[in-house]
Amino acid sequence: MVDSSKNNRLLPGRSTTAPVLRRLPGKARPRDEVLRECEAETAEMRTRIPRALWVFLVPDLTRVFRWRVELDCGCITEVMTRGDSVPPHELEWVEPVHGWGLPVGQMMCWHEDSPPSPYQGIAEWGERRDVRFPSGPVEPPEDVDAQLWSVIRHDEPHTSAFWTVTLTCGHVSETIAPDIDWVPASGPRRTAPERVQQMSAEFERAWLADPELQPERDREHTRRMLSAGWPSPQPEQLCDTCAQARLITTYERTGWLVSPRRKPEKSLSVAPAASQSAVERQLQKAEAAAERLRVELDQFDN
């Protein structure tokens, strides 16, 4: 249940047809079952969120609307939104691993047969976070060569800067800066041309000796980086989100999570009928009051 604020950037090769509102195959989950789960979730949220913030952070279940959506991979899933005025394909959903927002109309759906993650260029730089790391252990990890570990191991604790970036596909990722003082305005730092030539020859010899050392996708990326002077940070990186992000193609209205209750009609109160004697007493009081007023009026005239 999130608000939409970004423009949709379609995945390569995906349809640009507008999503269709129609009935989808199958049935929605029982409303009572979903309501119980949501009530348990909101109850848990209230235990860790200050009461003053409940109105902002804890969903009001009486305003939650349910939908079923079909993705371009053919999967059908259920989603919920705040109110029923904005359909799911017009909202920005969240990538659940890191909590990063997806382009409008996209949702995550994992498939083992998804295509490999592509390399995407960095389009925008976002926020930075500093992470403190302890010194590396003397013994190398099992999957790291001892000679390589002697080069990359940090003898002392150190801090690294990580930057959030938006890729050309619209997905959000993170990259590490070459050092703690680097900022995007500085531009990438490049390796000396002599060293780049040496690296190129080393890579080519390694690929020739072991054709399975890297898939062709990674080889082409390495060649592009070598041609660019082996920049740091690199201007492109793997986007694991691309392989699992899907577009909403069809949607169905399921209904309110909490059934709207009819307000009880206010009954009109009818005064009981008065008796004849009571009416006569009221008339006598009114005539006596009128007579007193006439006497006072005569006094003014005199």
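The values are calculated or read from the model by the stated rules, or taken from the named source; none is laboratory data. Just so it is clear, the structure is predicted and the values come from calculations on it, not from any experiment. So basically every Cβ, Gly included, is an ideal-geometry build from the backbone, and we count neighbours across all protein chains shown.
Of note:
- For the residues Val183, Val144, Val172, Val151, the requirement of being closer than 30 Å to Leu71 by Cβ and outside the structural domain of Gly74 (by TED's automatic domain parsing) singles out Val172.
- Within the range 65-89, considering residues that are among the polar types (S, T, N, Q) and in a strand (DSSP E or B), the one surrounded by the most Cβ atoms within 10 Å (Cβ to Cβ): Thr81
- Cβ-Cβ distances below 9 Å connect the following pairs, each with a first residue in the range 21-42 that is closer than 17 Å to Phe65 by Cβ and in contact (Cβ under 8 Å) with a residue 60 or more places away in the chain, a second residue that is exposed (fewer than 12 other Cβ atoms within 10 Å of the Cβ) and among the hydroxyl-bearing types (Ser, Thr, Tyr), and a separation of six or more residues or different chains: Arg31/Ser259.
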